[in-house]
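The structure appears right after this line, and notes come after that.
Computed from the coordinates by the stated procedures, all read-outs in this text should not be read as laboratory data. Here the structure is a predicted model, which means the values were calculated and not measured. Using ideal geometry, Cβ is built from the backbone for each residue, glycine included, and neighbour counts are taken over all protein chains shown.
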């Protein structure tokens with residue numbers, strides 16, 4: 001009988017043999033992806049670039065949709081088995097165009113890695129009036145996944161990996177005012193609810209998609225140095241969070257806690273490829289294993305109960321279809 005992860009029922013480490021210091025090279029060892037096709041959003045920078053490199057090195061053909069094609073070509077130069085295509089996650093029409101182009105190729109899709117995201121941004125809205133972090137981090141992956149569903153089904157056995165964050169602990173999803181129309185905007189609350197939404201969607205989609213043999217995962221990469229995620233953050237914000245001193249220098253204890261990019265991408269690659277997960281899905285993972293369910297008072301690690309709540313997941317699914325004007329029936 002099929003299991004689901006409602007209320008975090010499956011949030012227990014399974015002894016993967018990996019940990020917070022494991023790298024992409026560790027988790028991809030002995031994995032052969034020859035003949036597999038993957039799409040990695042944000043696959044030309046940071047942990048997305050490392051994910052692309054690792055999957056391609058194992059034999060997969062990796063399609064990287066990018067807003068800046070020239071930048072993507074430069075960053076991906078020298079990596080075999082990579083294709084680059086245009087897509088802007090803040091433009092729903094661009095997402096549809098990319099997906100339609102891929103579907104027209106008639107190829108199956110074995111791995112969809114929804115990696116791209118934004119953080120620490122000022123209040124912006126897309127053309128629909130949706131707050132930018134909610135649009136980019138959550139609604140865009142939902143739209144792309146829904147559009148590419150026929151290709152995922154064609155693969156006969158596929159995985160969807162949605163990059164979430166420990167930052168989901170910043171905020172539950174605000175069903176009353178998700179777009180900050182009636183409350184003051186705080187960038188970390190926007191980020192937190194977008195990642196909570198990713199977790200709820202991943203759990204619910206996995207529960208709805210078993211008949212298609214498609215498994216879905218949410219991933220916390222860890223705190224990582226050397227990415228572009230904080231490019232719009234102010235010095236004051238980093239100081240407020242206790243990351244840097246009064247002169248903008250990163251505190252030694254913070255620097256020591258950061259993962260490298262290969263360590264940060266390891267959990268994504270593990271979820272995409274590990275045979276240990278063949279019969280498990282809908283879970284939130286960190287440090288290349290399934291995470292524990294966090295307590296209400298825990299400040300580090302694990303997934304918050306509101307982020308794996310059955311009622312929240314079903315309510316969000318209905319609201320998402322309403323916000324996007326589409327019906328997604330896996």
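Tabulated data for the structure shown
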read-out	value
Contour minus Cα-Cα distance for residue 279 and residue 322 (0.36 nm per residue)	12.3 nm
Cα extents of the range 1-56 along the three principal axes, largest first (Å)	35, 24, 23
Three semi-axes of the equivalent ellipsoid, the range 72-190, Cα gyration tensor, whole Å, largest first	29, 16, 15
Part-to-part distance (alpha-carbon centres) for the range 92-146 and the range 15-60, which is given in Å	21
FRET efficiency, 1/(1 + (r/R0)^6) with R0 25 Å, evaluated for residue 175 and residue 125 via beta carbons	0.85
The range 53-110 - Rg over Rh from alpha carbon coordinates, Kirkwood radius	0.98
Where labels lie 7 Å past Cα in the beta-carbon direction, separation of residue 104 and residue 184 in nm	4.9
When the range 1-94 is reduced to its Cα atoms, the Kirkwood hydrodynamic radius in Å	15.3
Principal axis dimensions, largest first and in whole angstrom, of the range 257-330 by Cα	40, 33, 25
For q = 0.15, 0.16, 0.24 Å⁻¹, Debye-computed log10 I/I(0) when each Cα of the range 31-138 counts as one equal scatterer	-0.64, -0.72, -1.35
Extension reserve of the residue 315-residue 96 stretch, reckoned as 0.36 nm per residue once the Cα distance is removed	76.4 nm
Cα-based equivalent ellipsoid, the chain: semi-axes from gyration tensor eigenvalues, Å	26, 23, 22
Chain lengthening between residue 83 and residue 9 when straightened (0.36 nm per residue, less Cα-Cα)	22.8 nm
